[in-house]
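Peer 1: Structure in structure tokens, see below.
The values are calculated or read from the model by the stated rules, or taken from the named source; none is laboratory data. Everything numeric here is computed off the predicted structure, so don't read it as measured data. Because the Cβ atoms are built from the backbone with ideal geometry, glycine has one as well, and the counts that use them run over all protein chains shown.
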Amino acid sequence: MNIRYRVDLSGEEREELSQLLSAGRCAARKLKRAQILLASDAGASDVEIERNIAVGGSTVYRTKRRFVEVGLEAALSEEPRPGAERKLTGREEALLIATACSKPPAGRGRWTLELLAGEMVKLTEHEELSRETVRRRLAENHLKPWRKDMWCIPQVDAEYVARMEDVLDLYAEEPDAKRPVVCFDESPTQLIGEVREPILAKPGRLERFDCEYRRNGTANLFIFLDAHRSWRKVKVTERRAAEDFAQCMRDLSDVHFPKAEKIRVVLDNLSTHSPSALYQTFPAPEARRILRRLEFHYTPRHASWLNMVEIEIGVLRSQCLDRRIDSRQLLVSEVAAWERQRNKSRARIKWMFTPEKARAKMARAYPIPINES
């Protein structure tokens, strides 16, 4: 480092570096090199640059040398670094990817990095292969064979599309107090009690609770949600049988919306969610009276995401039920408190998915009409 490189920036280069620093949208290393060049151009010594920019002397030296010998762009960018040759050839990488996408060996539930490394040793002429080599090649191809996702694959046919657009049309309507749209669903929950009393949090120490717990049974939550205004209602029951569903529909008609002409109910395809449940529970005249005020709109099968109340259930679980609740009495009081606060805050779900967006995003899945095929 006996050679002293002098940095003399032109006005255009100085302006470019100043804009680069003010934008701050590139790598930190590049920003530090720009600071080094500007400071050196201003007459600062190498020692001052090291101290003020918090870099090493070798960094200052290399940056100034590359500017003088090659130019501004070279000084701001990384020098090419020598590295070892790839251990796997292109053909061997393709073999690794094909192996990772295949079924694991007998007795193993999934591929691991060690398993893949051992398998590649068997399939190629390599005597050994590290798990890190395997990991890097898989990462380049965005593969994680040890992970799996479970999801429902719906059959998007004419019935699916018809039900989807029917529900989306309801959400897109203007609010109408005489014809409200109410999303309905249920969610089971466990009653979990503590075996030992939790230790409360203190400064510098988290709250602690015992891993052992006591299971005190289960309960069911029926959730109503108005799609067009900030209103929800949670009803706690012991089960979710047809009789319980029928009681909820009577509450919806006579208690929650007694002045409505027609209540449009969005619900899923559970076997108890049917008009017959009301006839199983009430005398025929009573069942008919309630059903005259209700209009059921079913979401497509395997498309519970279309029911707005599913989002509300997620909020309920994260804000209120994400803890151990040991009795039905406590569950009722806690859920009621959450419901009051949520309604008072006027919280609403802003639904953005419309029939027009569905046709644009799911165009390939829409069935082709017979006269166009």
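Peer 1: Being in the same structural domain as residue 302 (by TED's automatic domain parsing) and free of Cβ contacts under 8 Å to residues at least 40 places away in the same chain: is that true of residue 162 here?
Peer 2: Yes: the conditions hold for residue 162.
Peer 1: From 299, 354, which residue is surrounded by 16 or more Cβ atoms within 10 Å (Cβ to Cβ) and in contact (Cβ under 8 Å) with a residue 24 or more places away in the chain?
Peer 2: 299
Peer 1: Can you tell me how many residues within segment 328-344 are free of Cβ contacts under 8 Å to residues at least 24 places away in the same chain and either within 19 Å of residue 175 (Cβ to Cβ) or more than 26 Å from the chain's Cα centre (by Cα) (or both)?
Peer 2: The qualifying residues number 7.
Peer 1: Residues that are under 26 Å from residue 342 (Cα atoms): which helices (runs of 4 or more DSSP H) entirely in segment 237-314 hold 2 or more of them?
Peer 2: It comes to 242-251.
Peer 1: Within segment 3-25, is even one residue among the hydrophobic types (A, V, I, L, M, F, W, C), closer than 20 Å to residue 78 by Cβ and in contact (Cβ under 8 Å) with a residue 60 or more places away in the chain?
Peer 2: yes
Peer 1: If residue 213 satisfies all but one of (1) within 16 Å of residue 329 (Cα to Cα); (2) modelled with pLDDT under 95, what's the number of the condition it fails?
Peer 2: The one condition residue 213 does not meet is (1).
Peer 1: Taking the condition of being touching a residue at least 24 places away in the same chain (Cβ under 8 Å) and out of contact with any helix residue (DSSP H, G or I) (no Cβ under 6 Å at 6 or more places or on another chain), how many residues in segment 239-248 meet it? I'd like the intermediate steps shown before the answer.
Peer 2: Residues of segment 239-248 touching a residue at least 24 places away in the same chain (Cβ under 8 Å): 240-248.
Retained after the next criterion (residues that are out of contact with any helix residue (DSSP H, G or I) (no Cβ under 6 Å at 6 or more places or on another chain)): 240-241, 244, 247-248.
Of the residues in segment 239-248, 5 are touching a residue at least 24 places away in the same chain (Cβ under 8 Å) and out of contact with any helix residue (DSSP H, G or I) (no Cβ under 6 Å at 6 or more places or on another chain).
Peer 1: From (1) modelled with pLDDT under 95; (2) crowded, with 19+ Cβ neighbours inside 10 Å; (3) not small (Gly, Ala, Ser), pick out the condition that doesn't hold for residue 269.
Peer 2: (2)
Peer 1: Which residues, counting only those in segment 50-81, are acidic (Asp, Glu) and either outside any loop (DSSP other than H, G, I, E, B) or in contact (Cβ under 8 Å) with a residue 60 or more places away in the chain (or both)? First the steps, then the outcome.
Peer 2: The first filter runs over segment 50-81 and keeps only residues acidic (Asp, Glu), leaving 50, 69, 73, 78-79.
If the condition is that a residue be acidic (Asp, Glu) and either outside any loop (DSSP other than H, G, I, E, B) or in contact (Cβ under 8 Å) with a residue 60 or more places away in the chain (or both), then 50, 69, 73 are the ones that fit.
Peer 1: Residue by residue through segment 27-40, note down the ones that are touching a helix residue (DSSP H, G or I) at 6+ places or on another chain (Cβ under 7 Å) and either free of Cβ contacts under 8 Å to residues at least 40 places away in the same chain or among the hydroxyl-bearing types (Ser, Thr, Tyr) (or both).
Peer 2: Of everything in segment 27-40, those that are touching a helix residue (DSSP H, G or I) at 6+ places or on another chain (Cβ under 7 Å) and either free of Cβ contacts under 8 Å to residues at least 40 places away in the same chain or among the hydroxyl-bearing types (Ser, Thr, Tyr) (or both) turn out to be 31, 32, 35, 36, 37, 38, 39, 40.
Peer 1: While we're on this one: Looking at (1) modelled with pLDDT of 90 or more; (2) under 29 Å from residue 138 (Cα atoms), which is the only condition residue 79 fails?
Peer 2: Residue 79 satisfies all of (1) modelled with pLDDT of 90 or more; (2) under 29 Å from residue 138 (Cα atoms) except (1).
Peer 1: Please find, among 347, 284, 277, 360, the residue that is within 27 Å of the chain's Cα centre (by Cα) and more than 22 Å from residue 226 (Cα to Cα).
Peer 2: On inspection, the qualifying residue turns out to be 360.
Results for (1) loosely packed, with under 14 Cβ neighbours inside 10 Å; (2) more than 43 Å from the chain's Cα centre (by Cα); (3) farther than 30 Å from residue 118 by Cα, shown as yes or no for each residue.
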position	(1), (2), (3)
64	no, yes, yes
70	yes, yes, yes
90	yes, no, no
93	no, no, no
96	no, no, no
102	yes, no, no
